[in-house]
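The values are calculated or read from the model by the stated rules, or taken from the named source; none is laboratory data. The shown structure was predicted, so the numbers you read here are calculated from the model rather than taken from an experiment. Neighbour counts run over all protein chains shown; Cβ positions are idealised from the backbone, glycine included. Ligands, DNA and RNA are excluded from the accessible area calculation, which covers all protein heavy atoms including side chains. Shrake-Rupley method; radii C 1.70, N 1.55, O 1.52, S 1.80 Å.
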Amino acid sequence: MTSRTVAFLGCGRITRAVAQGLVAVDGRPWRLRGVSRHGRSARDLAADTGLVAAGNIAEAVAGAGLVVVAVHPHEAAEVLAETRPHLTDGQILVSLVASWPVAVVAEAVRHAVPVLRAVPNVAVAARVGATVLSAAPAVEAAELTPVQELFADLGPVFVVDDHHLETVSALSGAGPALLARFAQSLAEGAAALGLPPGLADHLARHAVRGTGALLDGAGTTFAGTISSVSSPGGMTEQALDTLDHHGLPAATTAALDAAVRLSLRRMPATGTARVAGAEGGAARLP
């Protein structure tokens with residue numbers, strides 16, 4: 001891959017986060033192009049980030065080094081079917097489509113180009129978001145490298161077997177929302193006890209931010225961070241014991257399990273993606 005042009009097919013939330021992070025990259029810039037269903041999302045993103053809004057999939061894909069598919073699962077078959085004739089040698093397709101295994105995506109484009117799957121999270125907008133990649137079996141190391149370089153500009157990058165990515169999506173993809181929900185509960189709880197809501201909100205945000213900074217330290221563990229705050233018989237220990245008594249660990253595991261089960265239920269069977277996409281009609285893009 002020689003082109004540093006990235007074509008986004010779909011300009012929804014995750015595309016916006018990735019684009020916001022990439023436009024802040026110093027040095028060798030990425031050239032961004034995008035297309036959306038009715039054009040509005042692409043035009044809005046263009047106004048906010050400098051991305052070039054394309055009129056259709058063919059225009060978006062032409063000359064791009066990386067083609068990033070970022071549509072809803074029920075829209076993927078049509079979009080991939082429309083995209084396949086426009087893919088050319090030297091391009092790499094990266095799927096951000098939830099619940100679609102990398103092998104199914106590769107089959108949907110009839111293995112026209114190397115295919116990878118990526119699970120970033122919205123923290124890539126601030127260039128501190130982790131991204132987890134998996135690759136179709138035929139992908140070579142040299143074809144993986146450009147995708148690693150793209151997401152390395154936005155945070156740490158990990159490569160795993162594709163069967164892990166549903167759990168990765170529940171933990172890391174949804175992670176910012178889950179942590180924000182807990183922080184919201186902290187703030188609301190403190191406000192219910194009489195703390196001014198604005199101050200409670202501010203303190204909950206900084207608790208999350210500060211804890212993240214602590215956990216980033218070399219050799220730091222979750223247990224070590226907990227013990228650094230919790231004293232025997234103290235307020236923190238009492239709060240932690242109450243969370244455990246009310247089932248926080250079990251509820252967390254259940255939440256991740258529910259997310260994974262949803263992904264598995266909507267996962268297309270191998271072979272269905274290409275057939276569904278072959279029916280024709282305009283592709284739908286967010």
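Annotations
- Annotation: of all residues in the stretch 84-104 being β-branched (V, I, T) and more than 27 Å from L262 (Cβ to Cβ), the one that is surrounded by the most Cβ atoms within 10 Å (Cβ to Cβ) is I92.
- Single residue of L186, L178, L195, L203 found to be of a type outside the set (D, E, K, R), surrounded by 14 or more Cβ atoms within 10 Å (Cβ to Cβ), out of contact with any strand residue (DSSP E or B) (no Cβ under 8 Å at 6 or more places or on another chain) and not in a helix (DSSP H, G or I): L195
- Residue list for the stretch 56-83, filter: among the charged types (D, E, K, R) and either within 19 Å of M267 (Cβ to Cβ) or surrounded by 19 or more Cβ atoms within 10 Å (Cβ to Cβ) (or both): E75, E78, E82
- Extreme residue, farthest from V71 (Cα to Cα), among residues of the stretch 244-286 that are at pLDDT 95 or above and among the acidic types (D, E): D244
- Hits in the stretch 1-55 - residues which are in contact (Cβ under 8 Å) with a residue 60 or more places away in the chain and open to solvent by 40 Å² or more (accessible area, probe 1.4 Å): M1, T2, R13, I14, R16, Q20, A24, R37, S41
- Those residues of the stretch 60-103 which are of a type outside the set (G, A, S), closer than 16 Å to V18 by Cα and assigned to a strand (DSSP E or B), in sequence order: L66, V67, V68, V69, L93, V94
- Of the residues making up the stretch 47-97, those that are small (G, A, S) and within 26 Å of A141 (Cβ to Cβ) are G63, A64, G65, A70, G90, S95.
- Filtered residue count, the stretch 202-249, keeping only those that are under 29 Å from the mean Cα position of the chain (by Cα) and small (G, A, S): 11
- Hits in the stretch 117-142 - residues which are open to solvent by less than 40 Å² (accessible area, probe 1.4 Å) and in a loop (DSSP other than H, G, I, E, B): P120, N121, G129, A130, A136, V139
- Exactly one residue out of V67, V79 is over 23 Å from L171 (Cβ atoms) and under 17 Å from the mean Cα position of the chain (by Cα): that is V67.
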